[in-house]
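The values are calculated or read from the model by the stated rules, or taken from the named source; none is laboratory data. The structure presented is a predicted model; accordingly, all values stated were derived computationally and were not measured. So basically every Cβ, Gly included, is an ideal-geometry build from the backbone, and we count neighbours across all protein chains shown. Surface areas here come from the heavy atoms of the whole protein model, side chains and all, with no ligands, DNA or RNA. Shrake-Rupley method; radii C 1.70, N 1.55, O 1.52, S 1.80 Å.
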Amino acid sequence: MPRTAPRRRLHLAAHFPGVNNTTVWTDPRSGSQIDFASFLHLARTAERGRFDFFFLAEGLRLRELKGRVHDLDVAGRPESLTVLSALAAVTERLGLAGTVSATFNEPYELARRLATLDHLSEGRAAWNVVTTSDAFTGENFRRGGFLDRADRYTRAEEFLRLARALWDSWRPDAVAADQELGRFVRPGAVGEVRHHGRHFTVQGRFTLPRSPQGHPVIIQAGDSDEGREFAAANADVIFSRHGTLEDGRAFYADVKRRLARHGREPHELKIMPAATYALGDTDAEAAENAAEIRRLQVGPQTATAFLEQIWGRDMSAHDPEGPLPDVEPAADAGISQGRVQVADRLAVAAKWRAVAEEKRLSIRDLVIEMTGRQSFVGSPETVARRMEEFVEAEAADGFILVPHLTPGGLDPFVDRVVPILQERGVFRTEYTGTTLRDHLGLAAPRRTP
């Protein structure tokens with residue numbers, strides 16, 4: 001009999017999103033977005049489910065709408081590496097991934113913080129490299145708004161290259177700790193880093209020995225062409241966002257194709273889109289739950305806010321439960337600040353209008369339709385099967401799950417879906433390694449010359 005190909009194992013991570021249009025903070029079961037107990041609950045649930053890693057986003061300025069703080073999207077993003085360092089002490093195997101901007105940090109200082117987290121966690125640290133080019137966020141920093149959008153990835157590339165040189169500057173065997181000879185560090189084992197580039201100049205020696213993973217795992221979340229190329233050259237994981245199987249397969253194929261020109265193999269980069277889920281005892285019950293959750297996530301005010309972000313004008317006079325008005329997008333896009341600006345607003349608005357007319361959607365229903373992440377809806381068996389189908393179809397290597405409730409929203413998935421994935425042989429029943437690279441099936445990083 002012909003041998004069948006083994007099932008592809010999938011990867012899972014848990015995202016702690018804070019207050020935004022994913023979380024339903026009005027639910028009585030919702031807890032604090034900033035108390036350590038919330039982070040601890042979600043992290044321990046993820047570790048109980050044998051997830052690869054726990055993921056934190058970052059917000060460097062409060063979002064504003066029409067010049068005022070957007071009061072539906074305020075709290076919930078403390079400094080990532082501080083929270084993860086605390087979690088390192090109360091978890092044992094779970095990877096700890098933090099989002100930190102390459103724009104408003106310095107390579108030497110951030111390399112130390114990440115290496116420290118990797119040492120404290122015994123090899124479980126990850127850095128989600130993001131870029132920040134808008135002057136609005138930059139106003140919180142002394143170089144406010146200096147970085148042109150075209151320079152964001154050139155700075156990030158140089159930043160990451162320098163961080164890796166710092167991490168590699170200690171030989172793996174540098175620490176001798178020879179009590180008889182009275183020698184702690186082997187002669188010549190700590191190199192000097194000399195870097196003079198466009199964005200940074202560093203000349204000195206790094207303060208920390210090589211960490212357990214060599215380098216923290218590198219995650220990247222950009223979807224532009226330059227973001228995909230940056231990921232193909234540098235990242236271990238891509239945090240992507242694609243709402244359909246077809247879109248996921250196209251993104252997966254495109255990014256994996258790019259790896260070869262950087263001397264890399266397809267398995268060296270894991271593609272993990274963000275995903276939400278809604279469970280029920282039956283598929284019909286789950287569909288009802290999903291519809292209710294989305295209505296809570298996108299209330300009337302949130303629907304109007306999203307529309308204003310796309311249209312670039314005040315839309316508060318229009319009923320969010322009514323039809324899309326016959327109004328063209330404004331030339332000035334400054335009505336919404338702190339969110340990623342829409343690159344081609346006219347094209348996006350035209351697409352939204354076409355969908356609204358085709359499906360006869362109200363403003364609120366249109367926003368629900370157009371802003372949803374990839375979502376798995378169904379009984380636990382249906383969700384497990386559908387996730388496996390995505391991975392088998394090469395639309396993803398796994399998923400970063402975004403619960404709608406903080407901190408208990410992950411519990412039903414771990415209790416009801418993970419056991420089925422384990423029974424199907426596509427997800428681990430126990431951790432077999434100690435580092436995040438072990439969980440992701442990644443080799444140790446090659447040291448820079």
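If only the Cβ of Lys and Arg carry +1 and only the Cβ of Asp and Glu carry -1, the dipole of the chain around its Cα centre is close to 1460 debye. Give me the percent of DSSP beta bridges within the chain that run antiparallel, rounded to the nearest 5. In the chain, approximately 30 percent of DSSP beta bridges are antiparallel ones. The candidates GLU139, GLU285, arranged from most to least accessible area with a 1.4 Å probe in the full protein assembly, appear as GLU139, GLU285. Among the protein heavy atoms, those of ARG93 account for about 80 Å² of accessible surface (1.4 Å probe, every chain in place). Rolling a 1.4 Å probe over the protein heavy atoms leaves PHE184 with an accessible area of roughly 130 Å². From the coordinates of this entry, Rg and Dmax of the Cα atoms in Å is computed, and it appears in [x] 21.0, 61; [y] 21.3, 71; [z] 22.8, 83 under the label [z].
Rounded to the nearest 10 degrees, the inclination of helix 380-392 to the longest alpha-carbon principal axis of the chain is 60 degrees. Residue ranges 245-257, 316-328 sort as 245-257, 316-328 when ordered by packing (mean number of other C-beta atoms within 10 Å per residue, highest first). Using R0 = 25 Å, the C-beta based FRET efficiency linking ALA393 and ARG264 works out to 0.70.
Please work out the average accessible area per residue across the chain, using the 1.4 Å probe convention, and give it in Å².
Using a 1.4 Å probe on heavy atoms only, each residue of the chain averages 46 Å².
Our summary gives the chain a relative contact order of 23 percent, counting only alpha carbon pairs under 8 angstrom and 6 or more residues apart. Within the assembled protein chains, the solvent-accessible surface assigned to LYS359 is about 100 Å², based on a 1.4 Å probe. Against the criterion of solvent-accessible heavy-atom surface with a 1.4 angstrom probe, GLU226, GLU423 sort, most first, into GLU423, GLU226. When all protein chains stay in place and ligands, DNA and RNA are ignored, the 1.4 Å accessible-area order of THR45, THR116, largest first, is THR116, THR45. Set Lys and Arg Cβ to +1 and Asp and Glu Cβ to -1, take the dipole of the chain about its Cα centre, and tell me which of ILE238, HIS70, HIS404 lies farthest positive. Checked the options; the winner is ILE238.
Of the solvent-accessible surface of region 1-131, computed with a 1.4 Å probe and all protein chains present, 53% belongs to carbon and sulfur.
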